[in-house]
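The values are calculated or read from the model by the stated rules, or taken from the named source; none is laboratory data. These numbers were taken from a predicted model, which means no experiment stands behind them. Counting neighbours? That spans all protein chains shown, and the Cβs are built from the backbone with ideal geometry, glycine included. With ligands, DNA and RNA removed, areas are computed over all heavy atoms of the protein, side chains included. Shrake-Rupley method; radii C 1.70, N 1.55, O 1.52, S 1.80 Å.
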Amino acid sequence: MVDPVQPKINNDISPKFLRWAGSKTRVIPTFMEVVPTFNTYHEPFCGSCALFFSLAPQSATLSDANPALIRTLKAVRDHPDAVYERLLCFEWSEAGYYRIRDQGIEDDDEVNLAAKFIFLNANCFNGIFRLNKAGKFNVPYGGHRAGRCPSLERLTEASRLLKNGGDIAGRF
Ligand SMILES: C[S@@+](CC[C@H](N)C(=O)[O-])C[C@H]1O[C@@H](n2cnc3c(N)ncnc32)[C@H](O)[C@@H]1O
């Protein structure tokens, strides 16, 4: 049996734990200057939830057409410790990436699914989410930019904000 290769833990302060193609991360400072006062925050194409995590709203609805993403957000909200423990069991290397990619993201267990989703997201090329016609995740390994595992503190803070924000829906 191969010893798991330990991940590099990403200890950035922000609770955003996914990379996402088209993420608003870079324009968050500009957005933060113009966000009006609001009661409930609605993000219909939430992806990595970059603005949500920066605003940390007391009431929010997050939606996305990607069911695996929605299940991942719910699993991190409800079981951040278990998701983190599962992440540490993976082999954080190119070979480990292709092994999990070959298994596929689908899993009946919410924690396993979330861990695989976050692992593939952390290690794939540019944080792209792409399925082939057969529904298999087929993004290549991300090379030198791959391999940053969200810290337990980050997932715990994400869980707290997702609980605060409340409503995570499958499709807007
Ligand atoms: C560019 S990403 C959003 C990035 C996000 N704002 C961020 O900062 O990470 C677009 C998202 O829209 C979702 N999406 C695309 N079409 C959709 C639809 N018809 N309904 C709901 N979500 C959709 C995709 O799954 C994807 O996660």
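Identify, from the list R145, R99, the residue that is modelled with pLDDT under 95 and either of a type outside the set (K, R) or surrounded by fewer than 22 Cβ atoms within 10 Å (Cβ to Cβ) (or both).
On the way: R99 fails: modelled with pLDDT under 95.
Of the residues listed, the single one that is modelled with pLDDT under 95 and either of a type outside the set (K, R) or surrounded by fewer than 22 Cβ atoms within 10 Å (Cβ to Cβ) (or both) is R145.
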Has the range 152-167 got at least one residue that is out of contact with any Cys (no Cβ under 9 Å at 6 or more places or on another chain), closer than 18 Å to G47 by Cβ, among the acidic types (D, E) and surrounded by fewer than 16 Cβ atoms within 10 Å (Cβ to Cβ)?
-> yes
Selection count, the range 102-131, where residues are open to solvent by 20 Å² or more (accessible area, probe 1.4 Å) and either within 16 Å of the ligand (Cβ to nearest atom) or part of a helix (DSSP H, G or I) (or both) | 11
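Residues are listed down the side, and each one gets a yes or a no for (1) over 20 Å from S151 (Cα atoms); (2) modelled with pLDDT of 95 or more; (3) not aromatic (F, W, Y):
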{"residue": "T61", "(1), (2), (3)": "yes, no, yes"}
{"residue": "D81", "(1), (2), (3)": "no, yes, yes"}
{"residue": "R86", "(1), (2), (3)": "no, yes, yes"}
{"residue": "E106", "(1), (2), (3)": "yes, no, yes"}
{"residue": "F117", "(1), (2), (3)": "no, yes, no"}
Considering each of V35, V83 in turn, give the residue that is buried (at least 19 other Cβ atoms within 10 Å of the Cβ) and either within 16 Å of the ligand (Cβ to nearest atom) or within 13 Å of the chain's Cα centre (by Cα) (or both).
-> V83
